[in-house]
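A.B. asks: Next up is a structure, given as structure tokens.
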Amino acid sequence: MAHDEGLAAEVRGLAAARGAVILAHNYQRAEVQDVADFVGDSLGLSREAAATDAGVIVFAGVHFMAETAKILAPDKTVVLPEGHAGCPMADMITPADLIAWKARYPGVPVVTYVNSSAQVKALTDVCCTSANAPQVVRSLGVSRVLFAPDRNLAAWVAGQVPQVEIIAWQGFCPTHDRITAAMVADAIERHPGAEVMAHPECRPEVLELADFVLSTSGMLRHAAGSSASDFIVVTECGLLHALEKAAPGKHFHQPSPAPVCPNMKLTTLEKVRDATRDLTPAVEVPEDVRRRALAAVERMVAIG
Ligand code: 13P
Ligand code: SF4
């Protein structure tokens with residue numbers, strides 16, 4: 001659309017003027033992904049935030065992602081175009097919850113999914129994302145871990161790393177948790193022969209139907225490299241735009257209704273324009289919290 005092209009050009013011009021890099025998560029609206037310098041999963045975006053030379057990071061995603069960028073890049077201005085874009089799963093464990101939980105399991109290390117607040121990360125031994133959770137748990141070399149906040153990711157990791165007892169916090173992603181096995185079975189029936197890729201935030205009975213359990217960028221790499229032409233994509237609908245770019249000519253289907261993360265959709269191209277122009281709303285993390293959270297995030301980034 002001409003209007004969007006003009007707006008996209010305006011955003012790119014402002015980004016150049018501000019010395020800003022625009023990072024976008026794979027679930028963002030198509031027009032927001034298209035204006036970004038880098039589109040990726042949580043792990044890839046953290047890596048970009050840590051590596052960039054830009055003085056400003058415009059983070060098109062949800063709050064914990066921008067906060068993680070600020071933890072890794074404290075000298076940079078990090079702006080979240082829609083300040084109210086949160087993650088309900090991240091809100092399912094508070095620092096007080098984690099302190100009380102840890103007290104019940106003295107000496108047991110805590111692995112926290114990056115979908116969590118900086119304060120929760122600061123109480124954590126090591127973070128993980130959907131791309132590296134089994135490796136992170138394995139790297140600890142212990143027989144028991146506390147895993148927060150996602151019970152579904154925890155259950156999947158438990159299956160991947162059976163030698164470690166995973167004690168799970170009972171949080172979940174509302175967008176992924178409401179996908180049922182019946183919805184996925186129906187998609188498989190409608191598209192026989194399609195490869196099924198599912199995100200590990202889905203319920204165990206959904207993951208049982210998947211051929212591949214992958215992070216969002218893992219799905220992009222898999223679809224581009226696979227000889228299959230059809231895929232059932234069991235994750236948030238924004239990924240389809242990224243998939244169509246990564247694997248042109250292939251066909252992507254979703255369970256019905258298509259899963260939507262309302263928070264990811266709050267960021268519009270207009271809001272990206274305004275945030276890049278005004279450098280607000282900026283994300284801040286108190287320095288003592290940031291330093292402790294950084295140790296857990298850096299430990300993860302070093303593992304891979
Ligand atoms: P990825 O790190 O796989 O992109 O997932 C982030 C997320 O919020 C999934 O709901
Ligand atoms: Fe959070 Fe789920 Fe949205 Fe990901 S899809 S940001 S886990 S609510």
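A.B. asks: Identify the single condition in (1) of a type in the set (Gly, Ala, Ser); (2) within 11 Å of ligand 1 (Cβ to nearest atom); (3) in contact with a Phe, Trp or Tyr (Cβ under 7 Å, 6 or more places away or on another chain) that SER42 does not satisfy, given that it satisfies every other one.
C.D. replies: (3)
A.B. asks: With respect to MET197, determine if the residue is under 27 Å from PRO149 (Cα atoms), assigned to a strand (DSSP E or B) and under 17 Å from the mean Cα position of the chain (by Cα).
C.D. replies: So MET197 passes the test.
A.B. asks: Continuing with this model, one more query. Pick out the one residue from ARG273, ARG203, ARG221 that is at pLDDT 95 or above, at negative phi, crowded, with 18+ Cβ neighbours inside 10 Å and within 20 Å of the chain's Cα centre (by Cα).
C.D. replies: ARG203
A.B. asks: If we scan the range 250-260, do we find a residue that is open to solvent by 10 Å² or more (accessible area, probe 1.4 Å), of a type in the set (S, T, N, Q) and either farther than 30 Å from ALA118 by Cα or at pLDDT below 95 (or both)?
C.D. replies: Within the range 250-260 (the criterion being open to solvent by 10 Å² or more (accessible area, probe 1.4 Å), of a type in the set (S, T, N, Q) and either farther than 30 Å from ALA118 by Cα or at pLDDT below 95 (or both)), the answer is yes, since at least one residue qualifies.
A.B. asks: Moving on. Mind checking whether some residue in the range 176-186 is surrounded by fewer than 21 Cβ atoms within 10 Å (Cβ to Cβ) and within 14 Å of ligand 2 (Cβ to nearest atom)?
C.D. replies: Taking every residue of the range 176-186 in turn, at least one turns out to be surrounded by fewer than 21 Cβ atoms within 10 Å (Cβ to Cβ) and within 14 Å of ligand 2 (Cβ to nearest atom).
A.B. asks: Also: Is it the case that ASP274 is free of Cβ contacts under 8 Å to residues at least 40 places away in the same chain and either touching a strand residue (DSSP E or B) at 6+ places or on another chain (Cβ under 9 Å) or within 29 Å of THR77 (Cα to Cα) (or both)?
C.D. replies: Here the answer is no, as ASP274 does not meet what is asked.
Here's the yes/no breakdown for (1) farther than 14 Å from TYR27 by Cβ; (2) away from ligand 1 (no atom under 12 Å from the Cβ); (3) touching a residue at least 24 places away in the same chain (Cβ under 8 Å); (4) in contact with an Asp or Glu (Cβ under 8 Å, 6 or more places away or on another chain):
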| residue | (1), (2), (3), (4) |
| --- | --- |
| VAL164 | yes, yes, yes, no |
| HIS176 | no, no, yes, yes |
| ALA182 | yes, yes, no, no |
| LEU220 | no, no, yes, no |
| VAL234 | no, no, yes, no |
| LEU239 | no, no, yes, no |
| ALA242 | no, no, yes, no |
| ALA247 | yes, yes, yes, no |
| SER256 | yes, yes, yes, yes |
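A.B. asks: Further question: Given the range 1-110, what helices (runs of 4 or more DSSP H) lie entirely inside it while holding 3 or more residues that are touching a Ser or Thr at 6+ places or on another chain (Cβ under 7 Å)?
C.D. replies: Because the criterion is at least 3 residues that are touching a Ser or Thr at 6+ places or on another chain (Cβ under 7 Å), the helices (runs of 4 or more DSSP H) in the range 1-110 that meet it are 2-18, 42-51, 63-72.
A.B. asks: In the range 43-77, what residues are within 15 Å of ligand 2 (Cβ to nearest atom), within 17 Å of VAL272 (Cβ to Cβ) and open to solvent by 10 Å² or more (accessible area, probe 1.4 Å)?
C.D. replies: HIS63, MET65
A.B. asks: What do you reckon, is ARG104 open to solvent by 10 Å² or more (accessible area, probe 1.4 Å), modelled with pLDDT of 95 or more and either of a type in the set (Gly, Ala, Ser) or out of contact with any Phe, Trp or Tyr (no Cβ under 8 Å at 6 or more places or on another chain) (or both)?
C.D. replies: yes
A.B. asks: Being in a loop (DSSP other than H, G, I, E, B) and either closer than 17 Å to MET89 by Cβ or open to solvent by 30 Å² or more (accessible area, probe 1.4 Å) (or both) is the filter here; which residues of the range 111-139 pass it?
C.D. replies: Within the range 111-139, VAL114, ASN115, SER116, SER117, LEU123, THR124, ASP125, THR129, SER130, ALA131 meet the criteria.
A.B. asks: Could you please find all residues in the range 141-156 being small (Gly, Ala, Ser) and in contact with an Asp or Glu (Cβ under 9 Å, 6 or more places away or on another chain)?
C.D. replies: Scanning the range 141-156 gives SER143, ALA148.
A.B. asks: Could you tell me whether ALA8 is of a type in the set (Gly, Ala, Ser), farther than 18 Å from LEU220 by Cα and surrounded by fewer than 19 Cβ atoms within 10 Å (Cβ to Cβ)?
C.D. replies: When the stated conditions are applied, ALA8 passes them.
A.B. asks: Can I ask one more? Could you please find all residues in the range 50-67 being at pLDDT 95 or above and either under 22 Å from THR112 (Cα atoms) or within 16 Å of ligand 1 (Cβ to nearest atom) (or both)?
C.D. replies: If the condition is that a residue be at pLDDT 95 or above and either under 22 Å from THR112 (Cα atoms) or within 16 Å of ligand 1 (Cβ to nearest atom) (or both), then PHE59, ALA60, GLY61, VAL62, HIS63, PHE64, MET65, ALA66, GLU67 are the ones that fit.
A.B. asks: Being away from ligand 1 (no atom under 16 Å from the Cβ), out of contact with any Cys (no Cβ under 7 Å at 6 or more places or on another chain) and within 18 Å of PHE64 (Cβ to Cβ) narrows it down to one of ALA122, ALA133, so name that one.
C.D. replies: From the options ALA122, ALA133, the qualifying one is ALA122.
A.B. asks: OK, next. Answer yes or no as to whether ALA24 is modelled with pLDDT of 95 or more, farther than 22 Å from VAL120 by Cα and within 13 Å of the chain's Cα centre (by Cα).
C.D. replies: yes
The values are calculated or read from the model by the stated rules, or taken from the named source; none is laboratory data. What you see is a predicted model, and the numbers here were worked out from it, not measured in a lab. Virtual Cβ from ideal backbone geometry, glycine too; neighbours counted across all protein chains shown. The area values use the complete protein model at the heavy-atom level, side chains included, leaving out ligands, DNA and RNA. Shrake-Rupley method; radii C 1.70, N 1.55, O 1.52, S 1.80 Å.
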